[in-house]
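J.: Sharing a structure below in C-alpha cells format, with a few things to ask.
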C-alpha cells in the first residue's frame, strides 16, 4: 500500500487534529516543547475539529492548521507549510496574534489572555540559522535574561535541515523520532523500529493506514496535492513571465541607447535580437 505523506497538511490534520487523536498530538507537542523546558503536558484538548470539505481542501490558499489547548489554558496552534509562499515570519506572527486576541471577549480583563504557542513545521529555510528547531520569545535586546512576557512563543521546525543531519538520535530524542516518522521515504524496517519504540507513533501510523483505506480521504488527499502543485506552477509561470518581460525591457533600453548613438538599425537588430519593425517603433 502506498504510504500517504504524513506532512501533507490535510493528512496531518486528519492524523493529529481529530477527536481521538489526543495521544499522538500530546506526544508530538511534548517532543517539540521539550526544547524550552516546558512542564510536560499531561492532557490536551483539540479545540477545533475542522470539517475538511472539498471546497476547503481544494483551495490552495486555505490554512489547514491544528488548534489545541493545554490544561493550564495555554493555546497551541500547529501549521505545516512545505512550500515557501514568502513572508513566513509575518504570517506566523499574524496567526499567533489572531489566536492570542481570540481569547479575550469584549469587556474582559487583559489578564484573561492565555499564552499562545505557534508551531510551524516547514520544508524551507524560514530562519537563517543552522539549527533545524528554533524558538522565539520577547526578550529585551541588551538584557537577554529579561523576558517581557511568556505569552508569546513561536517555533520553527525545518524538516529539510533535520533530514540533512548526518545522524539522528531516535533512541533518546522523541522529536527526532517524530521527524523521522514524517519522512515520506522512510524504510519499512525503520518505521517498525520507531513504532516499537513509541506507542504514540504506532498509533499515528495506524491512523495513517486507516486513512489510506478511506476512498473519500484519498480523493481529498489527491485534491490537496494537486492544489499545491497548481499553486506552485502558477508561481513559476508568473516568475518566468516576469523574467521574460524583464529581458525584453532590457533589450528595448539597450536599443534606445544605441539609437541615440545613431547606430544603424540593422546593427541594433543584431545586437539586441529585436526585429527592425520593433526598433523602428521605438
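The values are calculated or read from the model by the stated rules, or taken from the named source; none is laboratory data. Quick caveat, the model's predicted, so the values are computed rather than measured. As a convention, Cβ positions derive from the backbone with ideal geometry for all residues, glycine included, and neighbour counts pool all protein chains shown.
J.: Name every residue in segment 22-39 that is over 15 Å from residue 198 (Cβ atoms) and either over 20 Å from the mean Cα position of the chain (by Cα) or buried (at least 17 other Cβ atoms within 10 Å of the Cβ) (or both), in order of residue number.
T.: 22, 33, 36, 37, 38, 39
J.: Among (1) part of a helix (DSSP H, G or I); (2) modelled with pLDDT of 90 or more; (3) within 19 Å of residue 155 (Cα to Cα), which single condition is residue 41 missing?
T.: In the conditions (1) part of a helix (DSSP H, G or I); (2) modelled with pLDDT of 90 or more; (3) within 19 Å of residue 155 (Cα to Cα), residue 41 misses (1) alone.
J.: Considering only helices (runs of 4 or more DSSP H) fully contained in segment 189-275, which possess at least 3 residues that are closer than 16 Å to residue 9 by Cα, outside the structural domain of residue 123 (by TED's automatic domain parsing) and at pLDDT 75 or above?
T.: It comes to 215-260.
J.: Would you check if residue 118 is surrounded by 13 or more Cβ atoms within 10 Å (Cβ to Cβ) and in the same structural domain as residue 184 (by TED's automatic domain parsing)?
T.: Considered against the rule, which asks whether it is surrounded by 13 or more Cβ atoms within 10 Å (Cβ to Cβ) and in the same structural domain as residue 184 (by TED's automatic domain parsing), residue 118 comes out as yes.
J.: Mind counting the residues in segment 116-143 that are assigned to a loop (DSSP other than H, G, I, E, B) and touching a residue at least 24 places away in the same chain (Cβ under 8 Å)?
T.: 8
J.: Would you check if residue 151 is in contact with a helix residue (DSSP H, G or I) (Cβ under 6 Å, 6 or more places away or on another chain), assigned by TED's automatic domain parsing to the domain that holds residue 168 and in a strand (DSSP E or B)?
T.: no
J.: Looking at segment 88-115, which of the residues that are out of contact with any strand residue (DSSP E or B) (no Cβ under 7 Å at 6 or more places or on another chain), part of a loop (DSSP other than H, G, I, E, B) and at pLDDT 85 or above is farthest from residue 158 (Cα to Cα)?
T.: Ranking the candidates gives 109 first.
J.: Identify, please: which residue in segment 167-193 is farther than 19 Å from residue 24 by Cα and within 23 Å of the chain's Cα centre (by Cα) and is, among those, surrounded by the most Cβ atoms within 10 Å (Cβ to Cβ)?
T.: 168
J.: What are the residues in segment 182-214 that are under 18 Å from residue 32 (Cβ atoms) and touching a helix residue (DSSP H, G or I) at 6+ places or on another chain (Cβ under 6 Å), if any?
T.: 194, 198, 200, 201, 203, 204
J.: All but one of (1) in contact (Cβ under 8 Å) with a residue 60 or more places away in the chain; (2) in a helix (DSSP H, G or I) hold for residue 184; state the number of the condition that does not hold.
T.: Among (1) in contact (Cβ under 8 Å) with a residue 60 or more places away in the chain; (2) in a helix (DSSP H, G or I), the lone unmet condition for residue 184 is (2).
J.: Just the residues that are assigned to a helix (DSSP H, G or I) and over 19 Å from residue 33 (Cβ atoms), please, taken from segment 162-181.
T.: Passing the criteria: only 163.
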